[in-house]
Structure formats: C-alpha cells, structure tokens
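The values are calculated or read from the model by the stated rules, or taken from the named source; none is laboratory data. Since the structure is predicted, the reported quantities are computational estimates derived from the model, not experimental observations. Note: ideal-geometry Cβ built from the backbone for every residue, glycine included; neighbour counts use all protein chains shown. With ligands, DNA and RNA removed, areas are computed over all heavy atoms of the protein, side chains included. Shrake-Rupley method; radii C 1.70, N 1.55, O 1.52, S 1.80 Å.
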Amino acid sequence: MLTKEENELLCRVEGDAPMGQLMRRHWTPVCLIEEVAEPDGAPVKARVFGEDLVVFRDSEGRVGVMDEYCPHRRASLVYGRNEEGGLRCLYHGWKMDVQGNLLEMASEPASSGMCEKVKHKAYPVQEWGGMVWAYMGPKEAVPQFVPPRWAPTADTRVSIAKAILPCNWAQILEGAIDSAHSSSLHSSDIVPARVNSAQALPNQFLRPSTDKAPRLQVERTSWGFRYAAIRRPIQDAATHDYVRSTVFVAPATAIIPPNNLYNLANINVPCDDTSTAFYFIAWGHPTQTPETDTWRKFLRQTVGIDLDVFYRPLRNHDNRFWQDRQAMTAGNFTGIQGFPNQDIAMWTTMGSIADRTNDLLGASDLAIVEFRRRMIDAVKAFQNGEVAIGTGDKAIPKEICAFQAIVPKTTDWRAFQASYVWPDDQEHRELQPSAT
C-alpha cells in the first residue's frame, strides 16, 4: 500500500515530474525501426514522457527524433514532406535535418540569416534491437548507448509486439514482474506438464509445476532487483524446487524467465501519465526464436487484426476484450485470446492510474512491494542529487540474466550459474552498435 503522494511520485512522468526526469537519464525506445524503414518515407508520430515527437528517416538513411511542432508556427511536422535530406513543414516550407538544423526557410528572405539563428529541438538517436532509441536527458551529458540485455548482440533475433495502452506505465510493469498471476490468469496458455523445464509449443507454453502460490525471495541491486519465485515441481518435489528468476532493470524493463527455445523481455515506455507503449519481446538465436509476424500472431497482437494502425488494441473495456463466455464454460479460464490481452484487460480496468492506497497485498506480492520501494527510493535519491538508478557504474552487468530451472533444494538461486538461451553449438560475437 502506498500513500497518495507516493503513488503520484511513482507514476507521474510529464514535464518536471521527478520520475520522468529520472527516466530521461536513460536511452529510451521511441518507436520500432520498421515504422520508419524507408528513406524519405512518411514521418511517424511518437509521444514519450508527455512530449510529442516526430520520427523520420532522411534521404541518406539517418533517423531523426524531433519536437513534433515546427518552430515557426507550431504546425505538426508529422504531415511534412520528407525529402532531400530533411523534413519540410507544409505550412511555410521551413525545413530541418535530423539534428534540428534549419536548412531552408522558404518564407524568409535569404539575407535575413535567420536559418543560422534557429535550432529545432532534436534528440541523439540510436538504432538497435528493432527499435529507434533517443536520449531525452541533458544534451551536455549524453551517455554512451549500451545494448539492452534483451538485444545483447548484433546477431540476436529480436521479435517485438507493440501496443499503445491507455494506462500508466507502473501498473504494466508490476504485471510484468508478477510471477504469481501467471498460474491463474494465464492458466489456459501456460499449462502444467510433466517436463523438466518450461517449454514453448506452437500454441502454448508448458510449465513443470502445478503450484499456484510461489514463495518469493528478492535481491536488491544498484540497477533494480531480481527475485525468485520458488514452486513445487511436478517431478522430484521432495528434493527439488522449480525456480523462476525475473530481473527488473530500472526504470521500466523486465527480463522474464525464458523457455527452452528463446528468451523473453518487456519494456514499458510512458507516452504520458496515462498511456504507455508496451513492448513484449522474444529474443535469442535466429534458429529458435520466432519471427516477428509469428510472434505477433501467437500473442494476438497483429496490426489490422488485433490492433489499429496506431497500435491501439481493438479489444477494450467497452467490448469486454472480446471475451468468450462459452469458451470459459468449456474450460478456458479467461475467455480472452492471447495472454498479453489477458494482462491488458487487468491493467487497463484498474483505471488510467491505479489507486495503490487501497491495495491488499500478500506474500506473493513481494516483487510488487520491492518494485514500488525501489523506484520511490531511487527517485528520492535522484531528487537529492544522486545519479539516476542503473546509469554509469550502477548499470546492470552483462552476466545477469533471468532463468528458470528445477534445482536441488540446497541450491541458492542467487548463485545459480545462469546464461541466456542460446544453442551451445552456435557462436556469437559481442558487438557494439554503430553511432548514427
């Protein structure tokens, strides 16, 4: 349970809100690379931390992330002409390059010298892991871009499902790190089975446990925390535990325990206080990780079928998320297809910003409690002049990863030698992204 003031501190990200300012000290996904794949293609609107942005790829293939509104009369540049190395406003023909330099002012005499005096707001950009990233913090202290743990190498396949959800980022993140809910909410899609590890099938996941009430243990770190959800396995329950260890990477990423074929992650980018860009990610070796279209079909997150062209879910509270009550009578637990849609139904029906002053938390909510404490402590420390959580020498080490395994009861999960899922006979190189 939080106070009203603590809930506001945790959730609010717009303008000078401390949490938003903390988040701006991290490189942040703005959109998918596929949205701006073509040079001189249509510009894309994005919204991050309450700020309206335009994203475009210029004639030379460089990506720009800029203030959406023209510096002249504040008309939207999303409707602009993307041509010959810059984005031209339709209203008076002002043209800007990806760095915000004014190239032309068609409505002004060349002798005015005004082009050299005006600079449009543009952010440093990096392309990596299927996403366009921007650094939206202080321009005098831009940190080096470091690949996220869910896209560690250039040869990693990264398949991403995206949805713009009408609720605050924190309640989505809490859902992503909540291991206990999967045994109920997703029980028709994540099915107990007599297997020795979590497994991925074409239409569902298998889990080697029927235990719906895991014991949770947490380890706090400089970059967030990690925790173990410990369950009874179906096999060898007297001598072994089934451990699922989730990693929370501040400010808004969850590295989720993998299956036998590929790894999983979730990152939540606040569009503003009451909407969020939700990205659900499968990543790993190209031979074992589903392709993007396959991943989206599996999740029921395909544009034109499940989402509109702006990535907004067609299932919503008004149409009851297309819930099938007959399917529920026949044995399906939720009657909602696609387990992210089951989550979305829970997150969005909490309201645009969940009221945490009335929560009744139990032992299975230990990770939720730690998330709230960790981020409130982190934002207060940031307000007091400390560096943002998870930045600089406090960033997550490369060796940290989520895992799931059946282990002897004597095993300390904190010392378990885990590595992300990658075939043993396939090599890959640790590469750094190139600057753009």
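A few remarks follow.
- With both residues required to sit in the chain, DSSP beta bridges show an antiparallel share near 95%.
- Computed from label points 7 Å out along Cα-Cβ, the spacing between Val369 and Thr3 is 1.9 nm.
- For the chain, calculated [θ]222 nm from helices alone, where every DSSP H run of n ≥ 4 adds -39500 (n - 2.57): -4000 deg cm²/dmol
- Heavy-atom accessible surface of region 281-377: percent carbon and sulfur, 1.4 Å: 52
- Take the Cα radius of gyration of region 1-74 and divide it by 2.2 N^0.38 Å, N being the number of residues; the result is 1.40.
- Each principal axis of the Cα cloud of region 282-390 was taken in turn, and the coordinate range along them, longest first, works out to 51, 40, 30 Å.
- Over all other residues within a Cβ to Cβ distance under 14 Å of Phe49, the charged ones net out to -3, with Lys and Arg as +1 and Asp and Glu as -1.
- The simple Förster model, with R0 at 56 Å and r as the Cβ-Cβ distance, assigns Gln417 and Asp318 a FRET efficiency of 0.70.
- Between Gln383 and Asp355, the contour length at 0.36 nm per residue exceeds the Cα-Cα span by 7.7 nm.
- Across region 266-272, computed HN-Hα scalar couplings (Karplus, 6.51 cos²θ - 1.76 cosθ + 1.60, θ = phi - 60°) run 9, 10, 10, 9, x, 6, 6 Hz from first to last residue, x flagging Gly and Pro.
- Distance from the C-alpha centroid of region 125-141 to that of region 1-62: 10 Å, rounded to the whole angstrom.
- All-pairs Cα distance distribution in region 293-355, expressed in whole percent, bin size 10 Å: 21, 50, 27, 3
- A dipole drawn for the chain from +1 and -1 charges on Cβ atoms has a positive end, and of Gln383, Ser179, Ile353 the residue lying farthest that way is Ser179.
- Using θ = phi - 60° in the Karplus curve 6.51 cos²θ - 1.76 cosθ + 1.60, the 3J(HN,Hα) couplings for region 158-165 round to 10, 10, 10, 9, 10, 8, 9, 10 Hz; x is entered for Gly and Pro.
- The amide H of Gly50, built 1.01 Å from its N in the peptide plane, has Asp272 as neighbours under 5 Å, considering only residues 5 or more places off or on other chains.
- Charge tally in the Cβ shell below 14 Å around Pro192, where Lys, Arg are +1 and Asp, Glu are -1, Pro192 excluded: +4
- The protection proxy used here, the mean number of other Cβ atoms lying within 10 Å of each residue, ranks peptides 371-378, 298-305 as follows, highest first: 371-378, 298-305.
- Selection from Ile255, Ile230, Asn341, by position along the positive dipole direction of region 209-352 (Cβ): Ile230
- Virtual spin-label span in nm between Arg194 and Met328, 7 Å along Cα→Cβ: 3.3
- Between Lys117 and Ala395, the contour length at 0.36 nm per residue exceeds the Cα-Cα span by 96.2 nm.
- Computed Rg/Rh of the chain, alpha carbon atoms with Kirkwood Rh: 0.99
- HN-Hα J in Hz across region 312-321 - Karplus 6.51, -1.76, 1.60, θ = phi - 60°, x for Gly and Pro: 8, x, 6, 7, 7, 4, 5, 9, 6, 6
- Estimated inter-spin distance, Ala237 and Thr294, nm [label 7 Å along Cα→Cβ]: 3.5
- DSSP-assigned coil residues among trypsin sites (Lys or Arg not before Pro) in region 193-257, each with at most 11 further Cβ atoms within 10 Å: Arg194
- Protection proxy ranking, highest mean first, for peptides 26-34, 355-363: 26-34, 355-363, where packing is the per-residue count of other beta-carbon atoms within 10 Å, averaged.
- If you wrap the tightest convex hull around every Cα atom of region 104-240 and split its volume per residue, you get 226 Å³.
- Per-peptide average of other Cβ atoms within 10 Å, ordering 260-273, 391-404, 89-102 highest first: 260-273, 89-102, 391-404
- The chain - accessible surface per residue (Å², probe 1.4 Å): 45
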